[in-house]
1. Under 28 Å between alpha carbons, and skipping anything fewer than 8 positions from Lys84 in its own chain: which lysines qualify?
2. With all protein chains present, calculate the accessible area of Lys179 using a 1.4 Å probe and round the result to the nearest 10 Å².
3. Which of the lysines could a cross-linker bridge to Lys149, judged by Cα under 20 Å and excluding same-chain residues fewer than eight apart?
4. Using a 1.4 Å probe, how large is the accessible area of Arg215, given in Å² and rounded to the nearest 10?
5. So for Tyr32, Tyr46, what's the accessible-area order with a 1.4 Å probe, most first?
6. Let me spell out the model: positive unit charges on the Cβ of Lys and Arg, negative unit charges on the Cβ of Asp and Glu, origin at the Cα centre of region 33-143. What dipole size does that give, in debye rounded to 20?
7. How much length is gained on full extension from Lys149 to Lys62, taking 0.36 nm per residue of separation minus their Cα-Cα distance?
8. If Rh is defined by the Kirkwood formula over all Cα pairs and Rg also comes from Cα, what ratio Rg/Rh do you get for region 142-292?
Amino acid sequence: MKLQPASGHVVRVLVMAVLCGMVSACAPIFAYRHADWLVLWKLDHYFDLTKDQKVFVRGRLKDLLARHRYDALPVYERFLSDIKTKSSDGLTRQEIEWIFATYAELRADLFTRIVTDSASFLTSVNERQIHNLEQAFREDLEKRERLLKQKADTRLTNRAGETLDRLKEWLGPLTSEQKQRISQWSRSLPDMLGIRVEFQKSRQQEILRLLRSTRDSHIISQRLEDWLVFPEESNPSHYQRAMEEMKSAVMDMALAVDGLITPQQRAHALAKLQDLINDIHTLAASYCGPFLAITP
């Protein structure tokens, strides 16, 4: 099988989406350094790549990752540096809202630039690959549905434990009072799993219907733009209201936690954030040279 160039566009989609999530969400830099393997694995999982496709993807990833490091990492570095400055003396509600809004802008800008390439790829997938995607979707959904069968109290307790683990990583040891109050705040957040599962199921079916109904790149591009760039406008109204309520509650909790931490814990968090900023800066600087040789 001879791989057509259009198939390479999905690499850009997954590279950019995965890497934006990794860096902007402050995930471990280790994952970013191995993004080439992660992206290839993700592609193969959803589309069952042929041998030729795997060879093609590996070849494209080197240039695509270099381009991403050159274009996006400096933006992420500035964003995280601004967060560090604003949080050094304690966060206000307005500053927390700014963090959420800026992340949303970066995400929208990212997807705006990849929608066209994504549509080009999706016009080239065949029925076998759509069937594989459908099966992968089904498996993802089944995992969430198994969680949904748990008692709500169990889910909320587990979520509180995960929240404490993440905060301990960033703040260092927590006091008994902090653990108790943070657990209570986490448990009081809306239980979103049911509505997320419902939305996931609906969106998966929309994607599959779209791929089976048209090969018009303009139509596909428009739908992707609606879903990815303007989710607040395209999501079902009840789902969007629930998401906004959850976001507001998370902001309230973030402000409450920020007011609860000690100076030592703040210093610990700022030092970890600076380490991440330094890592991103080093990665970005190390790829400036190779990018100059990449043609647009």
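The values are calculated or read from the model by the stated rules, or taken from the named source; none is laboratory data. Source: prediction; values computed, not measured. All Cβ positions, glycine included, derive from the backbone under ideal geometry; neighbour counts span all protein chains shown. Accessible surface is based on the protein model in full, side chains and every heavy atom, while ligands, DNA and RNA are left aside. Shrake-Rupley method; radii C 1.70, N 1.55, O 1.52, S 1.80 Å.
1. Candidates past the 8-residue exclusion: Lys168, Lys179, Lys247, Lys272.
2. About 80 Å², ignoring ligands and nucleic acids.
3. Excluding near neighbours in sequence, the set is Lys201.
4. Accessible area of Arg215: about 110 Å².
5. On the way: Tyr32 0, Tyr46 40 Å².
I get Tyr46, Tyr32, largest accessible area first.
6. Numbers: 18 positive and 19 negative charges, 82 e Å.
Around 400 debye, computed over region 33-143.
7. Between Lys149 and Lys62, full extension yields an extra 27.1 nm.
8. Here the Rg-to-Rh quotient is 1.08.
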